[in-house]
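The values are calculated or read from the model by the stated rules, or taken from the named source; none is laboratory data. Since this is a predicted model, take the numbers as computed values, not measurements. Note that each Cβ is placed from the backbone with ideal geometry, even for glycine, and that neighbours are counted across all protein chains shown.
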Amino acid sequence: MDDRDGKIWMDGQLVDWRDAKVHVLTHTLHYGCGAFEGVRAYKTDKGTAIFRLQEHTQRLLNSSKILRMPITWTADQLNAAQCQVVRENALDSAYIRPLVWLGSEKLGVSPKGNTVHAMVAAWNWGAYLGEEGLKRGIRVKTSSYTRHHVNITMTQAKAVSNYTNSILANMEVTDDGYDEALLLDSSGFVSEGAGENIFVIKDGTIYTPDLSAGALNGITRNTVFHIAKDLGLEIIQKRITRDEVYIADEAFFTGTAAEVTPIRELDRIALGAGSRGPITEKIQSAFFDIVNGRNPKYAHWLTPVSA
Ligand code: PMP
């Protein structure tokens, strides 16, 4: 991934892709205190536009605040950097990765005395769980790893270190041939996927875990709240047990990378008909209309990358 042409924004400068490097004694590399975002830009009739840029940047600033990493870049500067990187790399559509990290001035658990840095990269990244997964649904397994408790590394921060838990869960289940992991919270209730929020549908009502289950406050999750309202569907946030998922009519994951991905199986139990369900399909199609600029009601969620 490091050996390619292109430009990466690093601390206010556009640098060549191959030169966007940090020192091996970088504090974040050793202790995992860092914050990042995953953002997408889509091709629309009015040109390439970033979906819910302001909300992603605000979450990055919130994550940095939660992690006590004073960031000097403003939201406007970070927004401009993300647009610039998509433009400079001549991307029609893109996955955008901003990261905030601690420098290499000193090691030791206390980060005091280290500088805070920011970068933004962007590249082409198709369907995270596969094109086929978007259509047919994916096979999910409940991980043996528990999701973070809300008082461990802070679940409302998109913290670098939170992803060790995601990596362990994802590796565990993909090694067993599944597509993605579902994690339960420390009380055994459904929390979220390794990199996605989860929704289940039963008798026409949509349910999703409330955020006390340790799930990230997903921006796609919030987008689905709007879509459901437009479709006249009710979403209830509540504690969900894994067997409630087994007997659901439909289920799907949401995330910037995963978009809206149907779940057709959990722990080898087919959910509903074992394929993408009709309500999931409606929500998915409304989602792609919005991100691709085909729904004027949500035009304000799309920031054109043009200068
Ligand atoms: N949970 C986790 C653990 C994630 O990594 C993500 C992806 N950022 C999500 C949920 C979904 O969040 P969003 O819709 O904001 O991308």
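Got a sec? Which of 111, 70 is part of a loop (DSSP other than H, G, I, E, B) and surrounded by 18 or more Cβ atoms within 10 Å (Cβ to Cβ)? Of the residues listed, the single one that is part of a loop (DSSP other than H, G, I, E, B) and surrounded by 18 or more Cβ atoms within 10 Å (Cβ to Cβ) is 111.
Taking residue 118 as the residue in question, decide whether it is part of a strand (DSSP E or B) and touching a residue at least 12 places away in the same chain (Cβ under 8 Å). Full working, then the answer.
Values: part of a strand (DSSP E or B): yes; touching a residue at least 12 places away in the same chain (Cβ under 8 Å): yes.
Criteria met by residue 118.
Of everything listed in (1) outside the structural domain of residue 141 (by TED's automatic domain parsing); (2) of a type outside the set (Phe, Trp, Tyr); (3) surrounded by fewer than 21 Cβ atoms within 10 Å (Cβ to Cβ), the single unmet condition for residue 273 is (1). In the set 245, 305, only one residue is of a type outside the set (S, T, N, Q), away from the ligand (no atom under 12 Å from the Cβ) and over 26 Å from residue 132 (Cα atoms); that residue is 305. For first residues located in the stretch 34-58 and without any contact (Cβ under 8 Å) to a residue 60 or more places away in the chain, partners that are not aromatic (Phe, Trp, Tyr) and lie 6+ apart or on another chain with Cβ distances below 8 Å form the pairs 57/37; 57/75; 57/78; 57/79; 57/82; 57/98; 58/75.
Which members of the stretch 162-194 meet the condition of being within 10 Å of the ligand (Cβ to nearest atom) and touching an Asp or Glu at 6+ places or on another chain (Cβ under 8 Å)? Once the filter is applied, which keeps residues that are within 10 Å of the ligand (Cβ to nearest atom) and touching an Asp or Glu at 6+ places or on another chain (Cβ under 8 Å), the stretch 162-194 yields 183, 191, 193, 194.
When 204, 272, 232 are checked against the criterion of being of a type in the set (Gly, Ala, Ser), away from the ligand (no atom under 14 Å from the Cβ) and free of Cβ contacts under 8 Å to residues at least 24 places away in the same chain, a single residue qualifies: 232.
On the given criteria, is residue 129 in contact with a strand residue (DSSP E or B) (Cβ under 7 Å, 6 or more places away or on another chain) and at pLDDT 95 or above? Please lay out each step first, then the result.
Numbers: in contact with a strand residue (DSSP E or B) (Cβ under 7 Å, 6 or more places away or on another chain): yes; at pLDDT 95 or above: no.
It is false that residue 129 is in contact with a strand residue (DSSP E or B) (Cβ under 7 Å, 6 or more places away or on another chain) and at pLDDT 95 or above.
The single condition among (1) surrounded by fewer than 21 Cβ atoms within 10 Å (Cβ to Cβ); (2) of a type outside the set (Ser, Thr, Tyr); (3) touching a helix residue (DSSP H, G or I) at 6+ places or on another chain (Cβ under 9 Å); (4) over 19 Å from residue 298 (Cβ atoms) that residue 247 does not meet is (3). Quick check, is residue 131 of a type in the set (Asp, Glu) and exposed (fewer than 15 other Cβ atoms within 10 Å of the Cβ)? Against the criterion (of a type in the set (Asp, Glu) and exposed (fewer than 15 other Cβ atoms within 10 Å of the Cβ)), residue 131 qualifies. Scanning the stretch 275-298 for residues being touching a residue at least 24 places away in the same chain (Cβ under 8 Å), assigned to a loop (DSSP other than H, G, I, E, B) and either closer than 13 Å to residue 182 by Cβ or polar (S, T, N, Q) (or both) gives a total of 2.
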